[in-house]
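The values are calculated or read from the model by the stated rules, or taken from the named source; none is laboratory data. Only a predicted model underlies this, so the values are computations on that prediction, with no experimental measurement involved. Positions of Cβ are backbone-derived with ideal geometry, glycine not excepted, and every protein chain shown enters the neighbour counts.
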Amino acid sequence: MKKCILSLGISALLIFNVIAQNVDYTNKVINNSFEYARSGQLVASGIDGWNNNAWRPKNSTEKEFYGWSVTNWDFCSAANNSQGINQDMEFIEGSYAMWLGGDWVFPDLFELYQIIDKDDLPAGTYKVQCRLAVADNKKTSQRLFANQDVQYHGTPSQYVSNLTEGENNRFANWPGGEKILQEMIVYTTIGEDESLKIGIRTGGKKGDSSATANASPLWGWFKLDYFRVTKIDATDAADAGLADLTLSIGDLNFSTNITTYQVELPTGTAFVTPTAIPNIPDATVTGTDAVDVRLGSGVSTITVTALNGTTTKTYTINYTTTSKDPEPNEIIDGKARFTVLTPTTIRTEYAGDGIFESRTSFNIAHKNLPLPSFTTTVEDGWRIIQTEKVTLLYKQDSGAFNATNLIVSLTVDEQLIDAKPWSATAFVDKKEAEKATLFGEAKIATDHAKYDGTGFVAGLKSVGAGIEWSGIEPFAEGEYVLSLRYSNGMGSLRTISLYVDNEKTQITLNQTVDWNTWALFQKVVTLSAGQHTFKIMCEAADNYNVNIDWLAITPSDGELPVENNDNDKANLGAWSRGLDTKNAAIPLWDGILSRDGWYLLDDSETALHDGTGWVVDRPVHAGGYQDGYFFGYGTNYQLALKDFYQITGNPVFLPKWAFGVWYSINSETYTNANYYQNVLLPKFRSEKIPLEVLVVDTDWKTPERWNGWNWHTTNFPNPQSFMDWTKEQGLVVPLNVHPTIQSNDPKFAQTIATAGGLIADGNKYHFDFSNKKHAEAYLNLLQPFNQQGVRFWWNDQAESPRSEVKGAPADTWINHLYTKDGNDQGLRGFAFSRVGSGDTGYDNSRKPGVGWSEHRYTLHFTGDAYNTWDMLAFQSTFTIKEANIGIPYVSHDLGSYHADQLSDDMYMRWVQFGTFQPIFRLHSKRGKRLPWDYPNVTAQAEKFIRLRHALIPYTYSLSHESASGGLPIVRGMYWYYPTSPEAYSYDRQYFYGEKVLVSPIATPGATASTQVWFPEGKWTNYFTNATVVGPGIQSVSADYSTMPVFVKAGGIIPLAPYSDYVGQIAEDSLTLKVYTGDNGTFSLYEDEGENLNYQTGNYALTNIEYIEQEKKLSIHARQGVYAGAVEQRAYDIELYNAVIPEKILANNTKLNTVTAGSGEGWWISNDVIYIHLNKCPVTEDIDILLDGISNGLSAVNKNQGVAIYPNPATGLFTIEIEDVNKESIVSIYNANGEKVYNKMITDSKKTTVNTRTFGKGIYLVTVENGSYTFTEKLIIK
């Protein structure tokens, strides 16, 4: 739009908006949309040259594309070459588009073109457009051209060796897509008497200049449609100005007539990125990369080139900033910086260029912690930093950290040790093969001895199998020794291809004695500064078939890597992306807990926050860079986790309903609205089985069951009505999603337009979630469903997620985006997904060490495991171990994914296991997982599911503890008993909270047993009330109605009454199971359950305390309030292992002895004291006192002069009363509180009672005479 001032009359000025005079010359392009086979004849079935649904010029009379010429028609018409016009593409203009390519190699330069005569076009700047499709596996140098101005289809890195001298290059940055026609634009300027040549150029060389093979995949091939030519208004064509110029940090006052700026950035700024918006959107802008100002200054030189290609304008921004003074907890010593974060956690950072990094990383969210006490001195050339727990020593001016120049002393199990946290980097880098990226049939194995780390890589048996180590960064340019540890038990020499970056060498590996023997191959390599990639590949010229343990790069004059063949690792292990396709235990990546008493979290390669909510790769440091967080906790694992959460952030806090019952099935028969509404939920309700989360698996989608983005209206005829129904029924609904999109999806066009292109994989397109536009396009797909009521998404990501930001693992980053999306809706956002970096298949074929931030986002879905007893056993261990990386929420497919009908025993043991897991989720691939599918054990299974639901107040409180930086829900024995060997060897049993010990049975049989290690203390079986006194090991048997769950003395467990779902009834009643014998506390947490209001203080805590010495249970007044909180609450209290009192007082008021269910009071049943309290204000303390305690066996009660004997009794017992001057009433109550004997005694000192009609059990005998009440427990055998 131009402003034009015209003079009208003597003094009047009027301003008009005049549209820029762009002129369309597309009519000068012959057959611009490839709709014509020849002049005047449209392409149509049956015309000359029509064959196999396409018009093929080489089969026609004309032998050419009408209106278009080629540089080599012989190539086009070759018998094996493919070309023609058809409809097999997306985004065709009109009815047809053309394609060209074949099995013969394109020449180095090939053109499809036409020339518009000089007489048809006036001089000026022209915009030339077309739509071009290029598959990734066919990409060479395909580009749109207009004279010598070109636009390549892809990114600059794809054409490094294919740029042609004399051409003016632009890049569309499109991903490959075989059938996706994508918009291409180029601008060119022609003079007077100058023609315009337009078309497509391609060639037969790939971007690395290598010639293509004489066969598929048809390198150089392309599809094409819809040429347009437009003359651009002359003023626009010459406009090289900016409309706006902003900075990522700091203030710049932009003015259109100012080209030089001086900007003072905030103190401590490390990087600044300018954003320049040209007046004319397609003008070329350069110089907007991030500028490093850590040394105090920097410059951005931004150049705008107008559409005419000659007019330019330059803007200069000079930055200055003041270096940030060291924080009080920072010690800078040369090129090393140490930050004391806690008494046991120290950041160790080495920068070869002396430039340290102060931004937070994707892992490390917090560094500004309360200042710990420490001292620092220098002695004999050593920097010494001492806290109350650790002493760090660094040899000054000794360079990068290694095993000899950085040592940390600490105490582990009463022994002083020297930790060498950077011992693995005494050389530049040592990379375990099992932690690298794997290709083809390569896989992780552990079936041979003496390997290092957690395994080795096998499966190098076919072409395409391989291993890639990336991001290896030497400290400086120079010669290094490459060491490869391998095993070759084949009995002959083996060859394999080694790539150092893109340079290939075939290496020969000598034979070893057997597969349990390892050898070193070594080779000198010259490396530049910066990151490098190393790759081992099986290629056609190799005979391969070896196993690889690790690769290392060491300085040529340095020490070689130390081999560690001890498979009994000190690190306790922590996580894996999932358990897909597994049937037994698998190796786990490291966590922060180690029996060494320390761990180094290496953060050197993790992406950094850019200050805008996004992440960027770390800058390259000349001389190398190390950034690691040393945890020196000794045996205090709880402190280690606390420190870990302090610097990485606390776990996500799940909604309350997440701890109820989940159900789903992968089957179209059972994934539809009719089944859910008319069969499934009515059955749940009639069986009195609660259900919170109805997970809708993949059959809700269309047009593709795997990755469609539209409701399948056959299965869900009225999606909104279905979602409204689920809300009415108290159900939470997530949808299964695989985060890709098909080109035939109705939402594809808008998605790819928003994304600015996606990553093609045939007809399937992937997202790079570290790309802001891709992330926006993906999240836009979710929003319509969110608005319909979908609560969250099951990111069933059995795909290959991408992340161009190398330090931001793809899985973790998308999990972050899901969490943020939920939070932005005012809900508790979280991801339900696998964890870690991207999957390249179902195996562990991805780089580890990237799960350190997953706890902030993810409920870990562990994937598609098999139904074996070994897998059931390992799932217990797996949940325990994931806490070692801070993840409190793990969700297994209860019953496994793959089996149809389980045996009764396996089904029951899996249901029992799930009852005491963070998440209870029944799921399978078309299998039977509902209790009524197992008629022999339906009652027992339903009992456990109802128990799971009753435990929600307990589990939700544990979740709050974890989300506040405390211990996870499931806690390995070592959290409490780190010095006991049994805490490590009994690795399937765990604590569910502090005092509930769970040891799931994972062996067949209607009655089965497991060995349970009991630490010190008294333990009561939750189901049978049998007691065990530890320490010791016992075999515990259980039928289908019980399992080995034991509560330690002092344990308190709150239980909710039955409801169909969370929130159905008011939370105004609660059962408290209290296990006496020791002191105990429990903090009951409550809030609104779903939203984020708890973050602003809208929640309540009720502290419950039992004091053994006083025999007193206190329910303290609720602290805090939230919307919907009850004002009064009734309590049913169960006291286990308590001695029988004479009376029970509630706030100093005596409670009556009553029969069960008859009102407020107390009674005894099966040696358990039951107390019912009517509703009372939750804002008042309640003190329950067991008063006048008797042990039940004393001969004479000295206070009242009453005795009963013998006790226990078999047929008769005697009541002896010293004071017979008063009338006494003798009453006997059974365990149900029912009175079975009542007699008034007036003058007899002794009374004999016949008990033969009572039955065996525990009874309560009371004697009242007006001045006292005697109470005694009587046992009848």
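Residue pairs whose Cβ atoms lie under 8 Å apart, sitting 6 or more positions apart in sequence or on different chains, and linking a residue in segment 1113-1131 that is assigned to a loop (DSSP other than H, G, I, E, B) and aromatic (Phe, Trp, Tyr) to a partner that is at pLDDT 95 or above and crowded, with 16+ Cβ neighbours inside 10 Å, are TYR1122/GLU1086; TYR1122/ASP1087; TYR1122/GLU1088; TYR1122/TYR1094; TYR1122/ASN1098; TYR1122/TYR1099; TYR1122/ALA1100. Taking segment 523-534 as the range and being loosely packed, with under 14 Cβ neighbours inside 10 Å and free of Cβ contacts under 8 Å to residues at least 60 places away in the same chain as the test, the residues that pass are LYS523, VAL524, THR526, SER528. Would you mind stating whether GLY124 is touching a helix residue (DSSP H, G or I) at 6+ places or on another chain (Cβ under 7 Å), farther than 27 Å from ALA749 by Cα and not basic (Lys, Arg)? Yes. Those strands (runs of 3 or more DSSP E) of segment 354-442 in which at least 2 residues are of a type in the set (Asp, Glu), in contact (Cβ under 8 Å) with a residue 24 or more places away in the chain and under 30 Å from VAL463 (Cβ atoms), considering only elements entirely within it, cover 429-432.
Rundown of residues vs (1) closer than 19 Å to GLU961 by Cα; (2) modelled with pLDDT of 95 or more; (3) of a type outside the set (Gly, Ala, Ser); (4) touching a Leu at 6+ places or on another chain (Cβ under 7 Å), yes/no style:
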| site | (1), (2), (3), (4) |
| --- | --- |
| TRP869 | no, yes, yes, no |
| GLU882 | yes, yes, yes, no |
| HIS892 | no, yes, yes, no |
| GLY927 | no, no, no, no |
| TYR934 | no, yes, yes, no |
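Going by what's in this entry, would GLU1110 be described as of a type in the set (D, E, K, R) and assigned to a strand (DSSP E or B)? No: the conditions fail for GLU1110.
Within segment 484-493, the presence of a residue that is assigned to a loop (DSSP other than H, G, I, E, B), within 28 Å of the chain's Cα centre (by Cα), surrounded by 18 or more Cβ atoms within 10 Å (Cβ to Cβ) and of a type in the set (S, T, N, Q) is excluded. Of all residues in segment 860-880, those that are assigned to a helix (DSSP H, G or I) have Cβ atoms under 6 Å from Cβ atoms of residues that are among the polar types (S, T, N, Q), 6 or more apart or on another chain, in MET871/ASN583. Among the residues of segment 1138-1147, those identified as surrounded by fewer than 18 Cβ atoms within 10 Å (Cβ to Cβ) and modelled with pLDDT of 95 or more are LEU1145, ASN1147. Checking each residue in segment 284-305 for being crowded, with 17+ Cβ neighbours inside 10 Å, in a loop (DSSP other than H, G, I, E, B) and at pLDDT below 95 picks out VAL293, ARG294. In segment 745-771, of all residues being in contact with a helix residue (DSSP H, G or I) (Cβ under 7 Å, 6 or more places away or on another chain) and assigned to a helix (DSSP H, G or I), the one that is nearest to LYS806 (Cα to Cα) corresponds to ALA755. Against the test of being modelled with pLDDT under 90 and in contact with a Ser or Thr (Cβ under 6 Å, 6 or more places away or on another chain), the options ASN736, ASN763 yield a single qualifying residue, ASN763.
Of all residues in segment 443-483, those being over 29 Å from the mean Cα position of the chain (by Cα), of a type in the set (A, V, I, L, M, F, W, C) and either under 20 Å from THR554 (Cα atoms) or in a strand (DSSP E or B) (or both) number 4. Those helices (runs of 4 or more DSSP H) of segment 635-741 in which 2 or more residues are in contact with a helix residue (DSSP H, G or I) (Cβ under 7 Å, 6 or more places away or on another chain) occupy 637-648, 719-728.
Taking the criterion of being assigned to a loop (DSSP other than H, G, I, E, B), within 37 Å of the chain's Cα centre (by Cα) and among the polar types (S, T, N, Q), the residues of segment 140-164 that qualify are THR140, THR155. Taken over segment 306-342, the criterion of being more than 30 Å from THR391 (Cβ to Cβ) and outside any loop (DSSP other than H, G, I, E, B) is satisfied by THR312, LYS313, THR314, TYR315, THR316, ILE317, ASN318, TYR319, THR320. Can you give me the number of residues within segment 661-709 that are surrounded by 17 or more Cβ atoms within 10 Å (Cβ to Cβ), free of Cβ contacts under 8 Å to residues at least 40 places away in the same chain and polar (S, T, N, Q)? Here the count works out to 1. Within segment 1129-1136, the presence of a residue that is hydroxyl-bearing (Ser, Thr, Tyr) and loosely packed, with under 15 Cβ neighbours inside 10 Å is excluded.
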